Amino acid sequence: MSAIAWIAVASLAAWLWLLLGQGFFWRTDVRLPPHEGPDPEDWPPVCVVVPARDEAAVLPGSLPSLLAQDYPGRAEVFLVDDGSRDGTGEVARALARRHGGLPLTVAASPGEPPAGWTGKLWAVRHGIGLARGRAPEYLLLTDADIAHGPDSLRRLVAAARAGGFDLVSQMARLRVESPWERLVVPAFVYFFAQLYPFRWIGRRGGRTAAAAGGCVLLRTEAAERARIPDAVRHAVIDDVALARAVKRSGGHLWLGLAERVDSVRPYPRLRDLWRMVSRSAYAQLRHQPLLLIGTVAGLAVVYLAPPAALVAGSAAGDAAAALAGGLAWLVMTATYVPMLRYYRQPLWLAPLLPCTALLYLLMTVDSAVQHHRGRGAAWKGRTYARPDIVGDEGEAVPGGG
């Protein structure tokens, strides 16, 4: 066989393994179970912690949904204004006066984060410190751009108690309205699930750990045992780092797709999406050039080779290359269909996944270039260089700051 045929066969073999051997990552049925049976007799107290930096534009679409939670127990919201310059705190207070609902405390973050801390986690630390004064059994860590259905908190707590989970996280449904969002956003969640299959995360004793930072219900006792957030204070990609810390300390995790938890943050232009992905892509590779090279090669073989082999093989009369490339592309397309259906997107986008993968490849390379230029992970006016002590980190989801 020709060299391109061998590459196409390797890609097909990789896709068959991904289809059957990677935790059925492509399925979208890992959701919070319907809340059945009697409610817990004693609903535990919960404190909601919201770090917010320059979020005045998105708070009207998210904060009222938190304040309107239909939760039978005691719950209150702590929003930490992380040095905002757009009146985030004032907007939050005005929304609370207008909409009422759960008690809201707006607190200012205690200055710029010290060396070794990201801004978001420094704000989370302050919020958790305030919340501990209320002795909550659970903490809901949620981002300022996340809107929750009215029963969101009730269902999270019910699932945590019924399953004995120390951490329950939902991958918020991201906004998909502009053409670039339609092309890039569903693939973002698809790639995340491929790296961290949701079914594996919920296994007791399993090694896979991940969370989605926009919506994390965390048992307070588990947070203290895992030293959250101090243990992950340097993590640019904080959600998976947090989940790994909880699992290492003996915690039981659950992560799935959300039904009524949505991000209201827009990413209308390719530049917006590019910045969101590239700010942390190289951190996912632990700032290692060899891992970058391996990732680029892997993306090329798995995602780019199938259509290239199909076209080149057809043009050159190489039946083996064309057949293997076409089959690999078909399997790839089929695995992407469930995610497009979850996002209510047209299925003709599925064969375009190689184009999206190429964009992610270029974003990852750009992330490495920016890091080696000394710009690190830049977000909302802050730049984070490589930490002196590199911890466990994983892929990011939008909304962090």
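Residue-wise test of (1) over 18 Å from VAL50 (Cα atoms); (2) of a type in the set (Gly, Ala, Ser).
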{"site": "ALA96", "(1), (2)": "no, yes"}
{"site": "PRO103", "(1), (2)": "no, no"}
{"site": "SER109", "(1), (2)": "no, yes"}
{"site": "GLY116", "(1), (2)": "yes, yes"}
{"site": "LEU121", "(1), (2)": "no, no"}
{"site": "LEU130", "(1), (2)": "no, no"}
{"site": "ALA147", "(1), (2)": "no, yes"}
{"site": "PHE188", "(1), (2)": "yes, no"}
{"site": "PHE198", "(1), (2)": "yes, no"}
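Quick one: in the range 207-238, which of the residues that are among the β-branched types (Val, Ile, Thr) and assigned to a helix (DSSP H, G or I) is modelled with the lowest pLDDT?
VAL232
Would you pick out the residues in the range 148-181 that are more than 27 Å from SER249 (Cα to Cα), surrounded by 17 or more Cβ atoms within 10 Å (Cβ to Cβ) and not β-branched (Val, Ile, Thr)?
Scanning the range 148-181 gives HIS148, GLY149, ARG173, LEU174, ARG175, SER178, TRP180, GLU181.
Which residues, counting only those in the range 43-64, are over 16 Å from ARG175 (Cα atoms) and surrounded by fewer than 22 Cβ atoms within 10 Å (Cβ to Cβ)?
TRP43, PRO44, PRO45, ASP54, ALA56, PRO64
Considering only residues of the range 4-40 that are at pLDDT 95 or above and of a type in the set (Gly, Ala, Ser), which is surrounded by the most Cβ atoms within 10 Å (Cβ to Cβ)?
So the residue we want is ALA8.
For a quick check of your reading: which helices (runs of 4 or more DSSP H) sit entirely within the range 248-354 and have at least 3 residues that are closer than 28 Å to ALA231 by Cβ and in the same structural domain as ALA211 (by TED's automatic domain parsing)?
none
Working only within the range 309-330, note down all residues that are surrounded by fewer than 19 Cβ atoms within 10 Å (Cβ to Cβ) and within 30 Å of GLU177 (Cα to Cα).
LEU330
Please name all residue pairs, on different chains or six or more residues apart, with Cβ atoms under 6 Å, provided the first residue is in the range 133-153 and is under 14 Å from GLN170 (Cα atoms) and the second residue is part of a loop (DSSP other than H, G, I, E, B) and among the acidic types (Asp, Glu).
So the pair list comes out as ASP151/ASP70.
Give me the residue from the range 255-279 that is out of contact with any Ser or Thr (no Cβ under 7 Å at 6 or more places or on another chain) and closer than 19 Å to TYR196 by Cα and, out of that set, modelled with the lowest pLDDT.
If we take residues in the range 255-279 being out of contact with any Ser or Thr (no Cβ under 7 Å at 6 or more places or on another chain) and closer than 19 Å to TYR196 by Cα, then VAL277 is modelled with the lowest pLDDT.
Within the range 173-188, count every residue that is closer than 21 Å to LEU66 by Cβ and outside any loop (DSSP other than H, G, I, E, B).
1
Looking at ARG271, is it surrounded by fewer than 21 Cβ atoms within 10 Å (Cβ to Cβ), touching a residue at least 24 places away in the same chain (Cβ under 8 Å) and not hydroxyl-bearing (Ser, Thr, Tyr)?
In short, no.
Identify, from the list VAL301, VAL261, VAL277, the residue that is in contact (Cβ under 8 Å) with a residue 60 or more places away in the chain and surrounded by fewer than 22 Cβ atoms within 10 Å (Cβ to Cβ).
Result of the check over VAL301, VAL261, VAL277: VAL301.
Could you list, ordered by first residue, the pairs with Cβ atoms under 9 Å in which the first is in the range 91-109 and under 11 Å from PHE78 (Cα atoms) and the second is part of a loop (DSSP other than H, G, I, E, B) and of a type in the set (A, V, I, L, M), at least 6 apart or interchain?
Once the first residue is under 11 Å from PHE78 (Cα atoms) and sits in the range 91-109, its partners that are part of a loop (DSSP other than H, G, I, E, B) and of a type in the set (A, V, I, L, M) give ALA92/ALA56; ALA92/ALA144; LEU102/ALA68.
Read through the list (1) over 17 Å from the mean Cα position of the chain (by Cα); (2) assigned to a helix (DSSP H, G or I), then give the number of the only condition that ARG199 fails.
(1)
Looking at (1) basic (Lys, Arg); (2) more than 20 Å from ALA187 (Cβ to Cβ); (3) at pLDDT 95 or above, which is the only condition ARG341 fails?
That leaves (2) as the condition not met.
Using the structure shown, decide if ALA309 is more than 27 Å from GLY206 (Cβ to Cβ) and touching a helix residue (DSSP H, G or I) at 6+ places or on another chain (Cβ under 7 Å).
For ALA309, the condition - more than 27 Å from GLY206 (Cβ to Cβ) and touching a helix residue (DSSP H, G or I) at 6+ places or on another chain (Cβ under 7 Å) - is met.
Here are GLU137, GLU76, GLU55: which of them is at pLDDT 95 or above, among the acidic types (Asp, Glu), assigned by TED's automatic domain parsing to the domain that holds THR220 and more than 22 Å from VAL157 (Cα to Cα)?
Just a single option satisfies the conditions, and that option is GLU55.
Exactly one condition in (1) modelled with pLDDT under 95; (2) more than 24 Å from GLY129 (Cα to Cα); (3) over 22 Å from the mean Cα position of the chain (by Cα) is false for TRP43; which is it?
Failing condition for TRP43: (2).
So SER367 passes all but one of these: (1) in a helix (DSSP H, G or I); (2) modelled with pLDDT of 95 or more. Which condition number does it fail?
Of the numbered conditions (1) in a helix (DSSP H, G or I); (2) modelled with pLDDT of 95 or more, the odd one out for SER367 is (2).
Looking only at the range 99-123, filter to residues that are aliphatic (A, V, I, L, M) and under 17 Å from SER62 (Cβ atoms); which one of those is surrounded by the most Cβ atoms within 10 Å (Cβ to Cβ)?
Per the stated criteria, the residue is ALA123.
The values are calculated or read from the model by the stated rules, or taken from the named source; none is laboratory data. Keep in mind that what you see is a predicted model, and the values were worked out from it rather than measured. Cβ sites come from the backbone with ideal geometry, for glycine too, and all protein chains shown count toward neighbours.
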